[in-house]
Structure formats: structure tokens, C-alpha cells
Amino acid sequence: MNARRVLAITRRLLQQFRRDHRTLALLFVAPLVILSLLYFLLRGGGDHPAVGIVNLDSGPLGSAIAQKLESSNLVSASTLDLGTADARLKNGELAGYVLLPAAFTQDALQQHVVAPEIHLEGSQPNLSQAVIGATTRALVDALSSLPVTTGTAPQVRTKTTYLYGGPNFDTLDYFGAAFIGLVVFFLVFVITCVAFLRERSQGTLERLMASPLRRGEIVLGYMLGFTTLALVQSIEVLLFSLLVLKVHNAGNVALIFGLEMLMAVVAVNLGIFLSMFARTEFQAVQFIPLVIVPQMLLSGIIFPVSTEPNWLQTVSYVLPLTYAANGLRDVMVKGLDLGSASVQLDATVVFAFAVLLVAAAVATLRRRLA
């Protein structure tokens, strides 16, 4: 083995990378961007889950627990009446509320039992765990200062109810709805981007332009072709998730498929649009950490958008996957239909993204093919 020849190959490869600024950016800039996003999501000091406190107890224990919750660094708690707390829970303004019933302190002192009620919205397990954790800590801190005359510590019998979800839900039931949208978006984007770039690099587009076909017909034909494949894939993903994986679904299957179709159209036209800025398939794949990974982190699939720092929430709300994931979760976990204002908003925004990207893809194609 000749070391000189080996080093010559190594040097040539490094020189190639040095001239490829896009690859260098992918290697050295993209990891920093992704890690920075994770830092801001996990330690960025975003908003805490909103929690209501309904204190019907007139004794000191109820007041102590309420004060502990209001000063908690896990949630953002405020005292509400029962009607307001219940209404805010149903419209999604609260992650949950804690109900301290009448005679709460008296039962703790005389019967040695405390029975708080935790009412959770339940559609996002991260928020539910934060509410339960904050309530448990407040109970422990408040009970430690309670005078016990009989030597018997009160037993905690917490009653937890879920508006959506519940203890019968596993991780896939909670995250399956959003992952359906992510899988369709990711695979359709990659396939479209690479396949369309191959059409360009092989000269197929140039030959079509020399034929009697009009430019608009070529553009529409490509879009319909990729979209048809994407819709078939969407049906497969949906049926496999519901029938084989048994992902929980409380909503209308046709509505789920409709949201999937919109995301497929978004992914197809985003792939066509971005493929025009790549010269090789390797460069096309480089869009994945720049386009897919940030949306996966910021769209609420893993980390709730409401707990992100305010400036990151602004970014999240201009990403199509945020609305698709939220819409799919509303339908599959909450059982909402198209009559719901939340589902209407999500579907409308995803549709607007689809129209915008169709226009961008057509404009880019016409300019590049001219």
C-alpha cells in the first residue's frame, strides 16, 4: 500500500469539500442550529403550562396549596372559580385545574385524608405531567407544615380526570396523530425533491420543452403525478396506523385523510420548489436537516408550542407542519370535526400553504425552464 497515493486521494476529497460551501454549512452550521433549537426548547425559559386553582376550602391547608402552586416554577397557576376553570379547560386555555373541595383542611386534620381533584385537558402528555408534578410538590410542601396531633400523616387520594386521553392512552396514541403528518410530509418531500432533480439532470425536462407540450401542461403534469403518488402513500400510512398499529382515533377518518392530502400537496410543491436550488441528489438531500428537522422540533409534535420561548413560537406559527400536527391531534385525540373553529383554522392555514407553494413551484419552474 502506497501511503502517498492514499494521502493524495484524501487531499483531493478535502479540496472538493472545501469548494462545496453548501456541504460545509451542512457539516458545521446545521448541527449548531439544531442543538441551539434543542437548548431553547429544553432550557429556553418558555411559558409554563397554564393551570387553574379552584379553592373551595376555607382552611389553611387549601390556602397553603394554592400559594405553593402559584409560586411553582413548573406551571403558571392562578385562582379561578369553577365555571371559569372548566370553560378554559374545554377551550384549551388551561392544561388543567386543581380543585380543592370544601372541608379539605378539616378532612386532613380529622380523617387524615386529603382528596384534591386534578382535571386535565390531556391531549398533550408533557403538559399533563407538568400539572401533576406541580400539584404533587405543592401537596407535599403544604402537608409538611400541617400540624399533626395524632401522629398519623394524612393519606393523599388524588382524583385525576382527563378531558381527552387518559391512563388508557399509550405514547403512540398521543403522538401517533402528529407522526402520521410528519411521515407523509417527510417522505413525500424527499421523494419529490430527488425525483424531480433527476428529471432535470437527465435532460427529460429539456426534451419535454422541445415537444408540442405547453409549459403549463408540463408543470401541471409533474405536480399531479407526484401528488397522486403522495396520496396513495397517505392512504397506506393512514390505514396501517389505524388498522395495524391500532393508533387511537376518535374522529372522522375522511377528515384525517383530507388533512393528509393537504400536507402531501404542501410537501410535493415544496420539494419541486427547493429542488430547483440543487444541482445534485446529494445537495437535494441536504435540505432535510434545514427543512424537516426544524419543523419536527418546532411544530408541537414533541415539545408543546405553548412552552416554547415567545420568539420561537412566532417561528412555529409560520410552519405548515405546526397546523397539520395540531389539526390531526384535534381530530384523532379530541374527536373534533370540521365544525370546530380550531380544525377549520388548521385546515385553512395548511390549504393556504399549499396554494402558496404551488404558486412558488410554478414560478420557479417557469423561470428555470425559460
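Observations on the model:
- Inside segment 138-155, residues that are among the hydrophobic types (A, V, I, L, M, F, W, C) and at pLDDT below 85 make up a count of 4.
- Of the residues making up segment 271-284, those that are in contact with a Cys (Cβ under 8 Å, 6 or more places away or on another chain), part of a helix (DSSP H, G or I) and hydrophobic (A, V, I, L, M, F, W, C) are ILE272, LEU274, ALA284.
- Lone qualifier among VAL349, VAL305 - being within 27 Å of SER76 (Cβ to Cβ), under 11 Å from the mean Cα position of the chain (by Cα) and β-branched (Val, Ile, Thr): VAL305
- VAL113 passes every criterion in (1) surrounded by fewer than 19 Cβ atoms within 10 Å (Cβ to Cβ); (2) in contact with a Leu (Cβ under 8 Å, 6 or more places away or on another chain) apart from (2).
- The number of residues in segment 314-324 that are under 20 Å from ALA50 (Cβ atoms) and either surrounded by fewer than 17 Cβ atoms within 10 Å (Cβ to Cβ) or in contact (Cβ under 8 Å) with a residue 24 or more places away in the chain (or both) comes to 3.
- Considering segment 242-278, and only residues there that are without any contact (Cβ under 8 Å) to a residue 24 or more places away in the chain and out of contact with any Ser or Thr (no Cβ under 8 Å at 6 or more places or on another chain), the residue that is surrounded by the most Cβ atoms within 10 Å (Cβ to Cβ) turns out to be LEU242.
- Flag for SER78 being under 29 Å from PRO309 (Cα atoms) and either modelled with pLDDT under 90 or in a strand (DSSP E or B) (or both): yes
- Any hit, segment 101-108, residues being out of contact with any helix residue (DSSP H, G or I) (no Cβ under 8 Å at 6 or more places or on another chain), polar (S, T, N, Q), without any contact (Cβ under 8 Å) to a residue 12 or more places away in the chain and surrounded by fewer than 17 Cβ atoms within 10 Å (Cβ to Cβ): no
The values are calculated or read from the model by the stated rules, or taken from the named source; none is laboratory data. This is a predicted model, so every value here is computed, not measured. Positions of Cβ are backbone-derived with ideal geometry, glycine not excepted, and every protein chain shown enters the neighbour counts.
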